[in-house]
Structure formats: structure tokens, C-alpha cells
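What follows is one structure encoded as C-alpha cells, with my remarks underneath.
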Amino acid sequence: MLPPPLKALIDHFSRLPGLGQRSATRLAFYLLNQPERDLHDLAQTLKDLKTRTKVCPRCFNLTSDSTLCAICADQKRQQNLICAVEDILDIIPIERTRQFSGVYHVLGGLISPIEGLTPDKLHIKELIARIKQLTAKQDSRPIEIILAFNPTTEGDTTALYLERLLKPLNVKITKLNRGLATGSDLEYADETTLVNALKFRH
């Protein structure tokens, strides 16, 4: 019988994605054998995760304070080139390619009525507001919205909905090239595929 603190830790770990009971047990025993100072640092990091992580008020990416995220605040990024993505995790592989100089807009999901994700529950109205704000600037350059969604039924449905919604705003709408296999996730796409998908967007 395991001591209650150890058993409780294993139970917590086993609820994490990709960790079964056996992996959770190994991880708990590994931590048990680490110096107390390291465990204290880990515990503090976990506490800071919620208190020191905020959401960017413009694009809904993560930031460390209540101001704009590093990408939105970067004056070198093209503010008129907006890449709409489903989730924050989709930004990471695109940024890794170093081929995209624009900014992002995280929808917070894809349209899926079965899962209760209707357009009003996504950050679509905020995207429209951003576009209108850019259009209102007298020195505004042509605006391009890249719909960078996973090539799934939900991704295609969301892209079609946004195309119809954004068309009256007189913006250029493009989609990632279909070098991405149907049903795949941007999060797991290799860099070469993503570079070509961005370069040959249509």
C-alpha cells in the first residue's frame, strides 16, 4: 500500500494527457527521489502557471501580463497580415518555421455543433472588430486573413463560415496549401510542410 501523498500524486499525474497509471507511478517515484529544493521550485512553477499567465486582449495568445503578447507588441510584425488559428498550440509550429511575419488571432476552437461549439462561442466577433479597426486607419495597407485550420470537417466548416462573414469587409482571404494531409493537426506538422503550406497559400 502506497503512502497517501504518493498515491494522490500518482492519481493527479494519471489524469494528464498521455500518461497512464504506469507512467504516472514512474514519474511520482522519480520526483520522490529528487532534492527537496527542486520539488519546491517545481511546486512554485505550478502555482505561477495560473497566476502569472494571462491572455492577450487582442489576439488571445498567451502573455505574462495584462498587456499585448510579444507577437502583437512587435512593431516589426505586419499587423495587416492576420493568421487565424484554432488554438494557441497552432502558433508554435508556425513560428518555428520563421517564415511568417504577420500576427495571429486565436479562435479558441472550431465550429462543431455536436460539441456545442457554435460561432458565438468563438472569438469571431473580435476578429471582425480587429479588421474594422485596421480598415479605419487612413494609412492602412491591404488586409489579408490566413485561415490556418486543421484539414478536418470542422476546419473546413469554420473556414467556409468565415469566408462568407468576412467577404463584405473587402479583405483578402487565403487558406494554407493542402500540403497538409486531411485529418492532420498543425501542431504535429513538420516544418517543411508548414513552410510550403504558408508560401503557397491560396
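Every read-out reported here was derived from the displayed coordinates using simple, explicitly stated rules and does not represent laboratory data. Predicted model only: the values in this text are computed from it and were never measured. Cβ placement follows ideal geometry from the backbone for every residue including glycine, while neighbour counts extend to all protein chains displayed.
Quick notes on this one:
- When 36, 126, 115, 86 are sorted by how many other C-beta atoms sit within 10 angstrom of their C-beta, beginning with the fewest, the order is 36, 115, 126, 86.
- Bins of 10 Å, starting at 0 and running to the largest distance - Cα pair percent for the chain: 8, 28, 29, 20, 12, 4, 0, 0
- Within the shell defined by Cβ-Cβ distances under 10 Å, the residues around residue 79 carry a net charge of +4, with Lys and Arg each +1 and Asp and Glu each -1.
- Mean projected area of the Cα convex hull of the stretch 4-51, taken over all directions, amounts to 3.6 nm².
- Here, the stretch 56-170 is characterised by an Rg to Rh ratio of 0.95, where Rg is the alpha-carbon radius of gyration and Rh the Kirkwood radius.
- For the chain, built as a Gaussian network whose Cα springs stay under 10 Å, the top-fluctuating residue of 70, 148, 84: 70
- Cα-centred dipole magnitude for the stretch 4-51, charges only on beta-carbon of K, R (+1) and D, E (-1), debye, nearest 20: 200 debye
- Based on alpha carbons, the Rg and Dmax found for the stretch 1-88 are 19.0, 60 Å.
- By the count of other C-beta atoms within 10 Å, a proxy for reagent exposure, 59, 83 are ordered fewest to most as 83, 59.
- Estimated FRET transfer efficiency when R0 is 30 angstrom, pair residue 141-residue 62 (beta carbons, to 0.05): 0.65
- Between helix 21-32 and the chain: long-axis angle, C-alpha atoms, 0 to 90°, nearest 10: 70 degrees
- Choice from 93, 142, 168 with maximal GNM fluctuation in the chain (Cα, 10 Å cutoff): 168
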